[in-house]
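J.: What follows is a structure written as structure tokens; I'll ask about it next.
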Amino acid sequence: MSDEMEKQSVDETTDLAENVEATENVTVEENVAEATAAGGAEETLETVNDDSPAEEKADEAPVETVSAQPVQESAAESPKAEATSKTAPKKNIKVLIAAVAAIVLVAVIANAPKIGNAAVKLFTSPAGYLQHLLKNASDEGAEQFAKGYDMALESMFAAEDMSSENELSITLGEDVRDLISEATDMDFDWMEKLSFLVNADSTKDAYKFDMGLALNDNRLISLVLLANMTEKMGYMQVPELNETYLGMDLEEFLDENGMDFDDINEATEMYEKIYKALPEKAKVEKLLKRYSDLAISCIENVEQDKEEVKVDEITNTFTVLEATIDEGTLQDMLEVIVKELKEDKDIKEIMYAVVELDEDADADEVYEEFLEALEELEDELDSLDEEEFEMVVKFYADNKGTLMGCVVEVEEANVEVSSLTVQKGSKYASEFEVKVNGVKVVLEGTGKQTSSKLDGEFKLKAAGLKILEFTLTDIKLKELEEGYFNGTVTVSLGSAAVSALEEELYGFPFELGDLVLELKEESSKNKSEATLSLYEEDKLLGAFSVSSKIGTAGKIKSPKEKEVAMAEDESDLMDWVQDIDWDAFLESLEGKVDDDLLDMFEGLVNGDVALPGMGGYEDDYYYDDDYWYDEYEDDWY
């Protein structure tokens, strides 16, 4: 066959595979016959998978529990589909059929990853098809894990030249404030929101923390801490009381407490070394894919079937791949993994980098011990098949090769776990079930998923009793793929839980059946805000909020010498204390706090009032000269 004819045949083969993927109702033999009869031209095929309107299908993406390999362009979308059919010559028809069929088979198997799910499904065994689906799914899982790993490393180690603004706050609803007031016999109606603020800046040689306490979004008092590692100086300021900083020689302070200033620098250097020693995102992803693929390749006992699955009111037909995993399968998995570990240069590189962080450790010796441990494990694997074990796993795949669920059954333990999702257009229904000794716990629900967001309502049941209800609202999918949660989740008690708790919590001031716990979060790479709120129907009882904003730190400047009083100098320290302007501080609180609370602060400052339970100064035995004299006399004699 000439190069031109071979090229034409391969093109025809690829087009044929696209037709096969577009519809499973056309058999391989029919496609081959049609391709032969048409002289390599294709006919346009359209497949409608459900009764959803065309507009809905165009705008809404189907639910994908686990994404597999993207599906190739269908024949209906291919420009080649516009080719006009031609009548093939009848001469040598059998030879052409045989040639085309042979080329189809070879080309499809060789280019299976490129052609798509349908071709892989048709031209591989059930075990091969399942391995294909699981590897695609595990590869995506490895990618997502590596993203999370990289984000965690960045947040933990990339603190140099970083600035952050953080706020933690508690909000009390009116009913809760009234309850606290009744319980303490004090008026707490003024305390709607209490916040703790922390603004932090860090550079290579300096750190600064500006902390504050705020009431109803009004800052009451602040504490500024600053450390300059080059100058070996530390500073503290309470600006509402005294604008002068208290200074401290860090080297001297640490020395007095049995520490060495150089230890801090060494710790900082070690921190940087650890960050450099840990594997990068790409390597973590590669290793996860490598070892998961090895384990998956050992799953060989697989049977394939079709099954119609109905969840709630939605029905789908799935390809079911039933895999039996026994002690032999587990032994095979461990053997290939151990063998790869012994020869894996990436693992060796990571181990050396981590071990060499300890100057006293011998990386060669540690790695040799690692290899010896693997050798011992390898010897023990021979006896693994003596332990009987069997687990049956059913995997459910749609016609695009997306894994929509699985059922895991361990008969000996009388345990079954299943997770299934069916969809029609943008609507979906999901069910997650755990059954132990015949007792079922089920999480089931329905919702809608478009290309950008997901909504849903779910119920948690145990032994048929409704325990909890969940609602998902505006869950943004693109951001979620990047590792950032945006949306709202609400949780409320089911009828069975309400009945049980009402007996245990007799006299509880709120209606348990009306309580709703809401988590609302918005997050991105440099900003996040999450609020956990408790409502009684639509009435807020209380909320706990955390927010953070990340940026780049500017230069951290130390205060000028004239703005500093040294804490080690007793005269400087006494002057700093005497310069505290209590009157200005109390005046700054006017209008920010309740009048009764302000009066209490004034009493504390003036010494007229003591904190509850401590008594007044005039009654305190610490100021009784006779007491001190008597105690001293007793100790002396």
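J.: Given N residues in the stretch 217-292, what is its alpha carbon radius of gyration divided by 2.2 N^0.38 Å?
T.: Values: Rg = 20.8 Å, N = 76, 2.2 N^0.38 = 11.4 Å.
So the stretch 217-292 has a normalised radius of gyration of 1.83.
J.: Residues with beta-carbon under 11 Å from that of Leu172, excluding Leu172: net charge, scoring Lys, Arg +1 and Asp, Glu -1?
T.: On the way: positive: Arg177, Lys193; negative: Glu174, Asp175, Asp178, Asp189, Glu192.
After counting each charged neighbour, the total is -3.
J.: Quick one: net charge of Ala214's neighbours, Cβ under 14 Å, K/R +1, D/E -1?
T.: -3
J.: Calculate, in nm to one decimal, what Glu375 and Lys466 gain on full extension: separation in residues at 0.36 nm each, minus their alpha carbon distance. Could the numbers behind the result be given before it?
T.: On the way: separation 91, 0.36 × 91 = 32.76 nm, distance 5.17 nm.
My answer for the length gained is 27.6 nm.
J.: Moving on to the next point. Using a 1.4 Å probe over the heavy atoms of the protein chains, calculate the carbon and sulfur portion of the accessible area of the stretch 444-571 as a whole percent. Could the numbers behind the result be given before it?
T.: Details: 4180 of 8090 Å².
The computed percentage sits at 52.
J.: Just how much of Ser571 is accessible, in Å², when a 1.4 Å probe is used and the result is rounded to the nearest 10?
T.: Only protein atoms counted, so the area is about 70 Å².
J.: Here's a follow-up. Determine which lysines satisfy two conditions relative to Lys555: a Cα distance under 17 Å, and not lying fewer than 8 residues away in the same chain.
T.: Lys204, Lys208, Lys232
J.: Now for a different question. I need the trypsin sites (Lys or Arg not before Pro) found in the stretch 120-186, filtered to DSSP loop residues with at most 14 other beta carbons within 10 Å of theirs. Walk me through the intermediate numbers first.
T.: Working: sites: Lys121, Lys135, Lys147, Arg177; in loops: none.
For trypsin sites (Lys or Arg not before Pro) across the stretch 120-186 that sit outside H, G, I, E and B with at most 14 neighbouring Cβ atoms in 10 Å, the list is empty.
J.: For the stretch 268-398, what is the Kirkwood estimate of the hydrodynamic radius, computed as the reciprocal of the mean inverse distance between distinct Cα atoms, to one decimal in Å?
T.: Working: mean 1/r = 0.0547 Å⁻¹.
Computed over the stretch 268-398, the radius equals 18.3 Å.
J.: Given a Förster distance of 56 angstrom, what is the FRET efficiency for Lys435 paired with Ile556, based on the Cβ-Cβ distance and rounded to 0.05?
T.: Values: r = 59 Å, r/R0 = 1.06.
Here the calculated transfer efficiency is 0.40.
J.: Under 25 °C and 0.890 mPa s, how fast does the stretch 324-458 diffuse according to Stokes-Einstein, given a Kirkwood radius computed over C-alpha pairs? Answer in µm²/s, whole number.
T.: Values: Rh = 19.3 Å.
Rounded to a whole number, D works out at 127 µm²/s.
J.: Still on this structure, please answer the following. Could you give each residue of the stretch 243-258 its phi-based ³J(HN,Hα) in whole Hz, using Karplus coefficients 6.51, -1.76, 1.60 with θ = phi - 60°, and x for Gly or Pro?
T.: With the stated coefficients, the stretch 243-258 comes to 6, 6, 7, 8, x, 8, 6, 5, 5, 5, 4, 5, 4, 5, 9, x Hz.
J.: With a 1.4 Å probe and every protein chain left in place, work out the accessible area per residue of the stretch 406-557 in Å², rounded to a whole number.
T.: Numbers: 8970 Å² over 152 residues.
That works out to 59 Å² for each residue.
J.: Can you list the residues, at least 5 places off or on another chain, whose amide H is less than 5 Å from the amide H of Lys440, using H built in the peptide plane?
T.: Ala463
J.: Let me ask you something else. Rounded to the nearest Å, what's the spacing between the alpha carbon centres of the stretch 384-460 and the stretch 267-293? Just the number, please.
T.: 33
J.: Within the set of other residues whose C-beta is less than 9 Å from the C-beta of Met229, count the net charge using Lys and Arg as +1 and Asp and Glu as -1. Can you show the working numbers first?
T.: Working: positive: Lys204, Lys232; negative: Asp205, Glu231.
Charge balance in the 9 Å sphere: 0.
J.: Let me ask something additional. So, taking all protein chains as they sit and a 1.4 Å probe, how much accessible area belongs to Asp249, in Å² rounded to tens?
T.: Rounded to the nearest 10, that gives 50 Å².
J.: Then there is this: Explain nothing, just compute: Karplus ³J(HN,Hα) = 6.51 cos²θ - 1.76 cosθ + 1.60, θ = phi - 60°, for every residue of the stretch 365-375 in order, whole Hz, x for Gly and Pro.
T.: So the Karplus estimates, Gly and Pro as x, are 5, 5, 5, 4, 5, 4, 5, 5, 4, 5, 4 Hz.
J.: Moving to a separate point now. In whole Hz, what ³J(HN,Hα) sequence does the stretch 260-277 give by Karplus (6.51, -1.76, 1.60; θ = phi - 60°), x for Gly and Pro?
T.: 10, 4, 5, 4, 5, 5, 5, 5, 5, 5, 5, 4, 5, 5, 4, 4, 6, 6
J.: Then there is this: Just to confirm, what accessible area per residue do you get for the stretch 324-400 at 1.4 Å probe, in whole Å²? Don't skip to the end; give the middle numbers.
T.: Numbers: 4840 Å² over 77 residues.
Spelled out: the 1.4 Å probe surface of the stretch 324-400, per residue, equals 63 Å².
J.: Would you mind getting me the FRET efficiency between Ser125 and Asp538? Use the beta-carbon distance for r and R0 = 60 Å, nearest 0.05.
T.: On the way: r = 58 Å, r/R0 = 0.96.
With a Förster radius of 60 Å, E is 0.55.
J.: Are there GluC sites (Glu not before Pro) in the stretch 385-437 that DSSP puts in a loop and that have at most 10 other Cβ atoms within 10 Å, and which ones? Walk me through the intermediate numbers first.
T.: Details: sites: Glu386, Glu387, Glu388, Glu390, Glu409, Glu411, Glu412, Glu416, Glu431, Glu433; in loops: Glu387, Glu388, Glu411, Glu412.
Those that pass, being in a loop and sparsely packed, are Glu387, Glu388, Glu411, Glu412.
J.: Separate question: Under a plain spin-label model, where a point goes 7 Å from the Cα along Cα-to-Cβ, how far apart in nm are Asp569 and Phe261?
T.: About 1.8 nm, to one decimal.
J.: Of Lys121/Lys394; Lys400/Lys478; Lys286/Lys348; Lys394/Lys466; Lys453/Lys478, which pairs sit farther than 18 Å apart, going by alpha carbon to alpha carbon? Intermediate results must be reported in sequence, preceding the final value.
T.: Values: Lys121/Lys394 16 Å; Lys400/Lys478 21 Å; Lys286/Lys348 14 Å; Lys394/Lys466 28 Å; Lys453/Lys478 8 Å.
Long pairs (Cα-Cα over 18 Å): Lys400/Lys478; Lys394/Lys466.
J.: Longer than 26 Å from Cα to Cα, which of Lys310/Lys448; Lys289/Lys310; Lys339/Lys435 are they? Say none if no pair is.
T.: On the way: Lys310/Lys448 17 Å; Lys289/Lys310 33 Å; Lys339/Lys435 37 Å.
Going by Cα-Cα distance, Lys289/Lys310; Lys339/Lys435 fall outside the 26 Å limit.
J.: With a cap of 16 neighbouring Cβ atoms within 10 Å, and only residues DSSP puts in a loop, list the GluC sites (Glu not before Pro) found in the stretch 535-615. Intermediate results must be reported in sequence, preceding the final value.
T.: Details: sites: Glu536, Glu537, Glu561, Glu563, Glu568, Glu570, Glu587, Glu590, Glu602; in loops: Glu537, Glu568.
Answer by residue number: Glu537, Glu568.
J.: For Val577 and Leu225, compute 0.36 nm times the residue count separating them, minus their Cα-Cα distance, and round to one decimal in nm. Mind showing how you got there, number by number?
T.: Numbers: separation 352, 0.36 × 352 = 126.72 nm, distance 1.76 nm.
Length difference between fully extended and current span is 125.0 nm.
J.: Would you please give the residues with an amide H less than 5 Å from that of Gly542, counting only those at least 5 places away or on a separate chain, with H modeled from the backbone geometry?
T.: For Gly542, whose amide H was placed from the backbone, the distant partners under 5 Å are Gly173, Leu534.
The values are calculated or read from the model by the stated rules, or taken from the named source; none is laboratory data. Keep in mind it's a predicted model, so treat the numbers as computed, not measured. Virtual Cβ from ideal backbone geometry, glycine too; neighbours counted across all protein chains shown. Accessible surface is based on the protein model in full, side chains and every heavy atom, while ligands, DNA and RNA are left aside. Shrake-Rupley method; radii C 1.70, N 1.55, O 1.52, S 1.80 Å.
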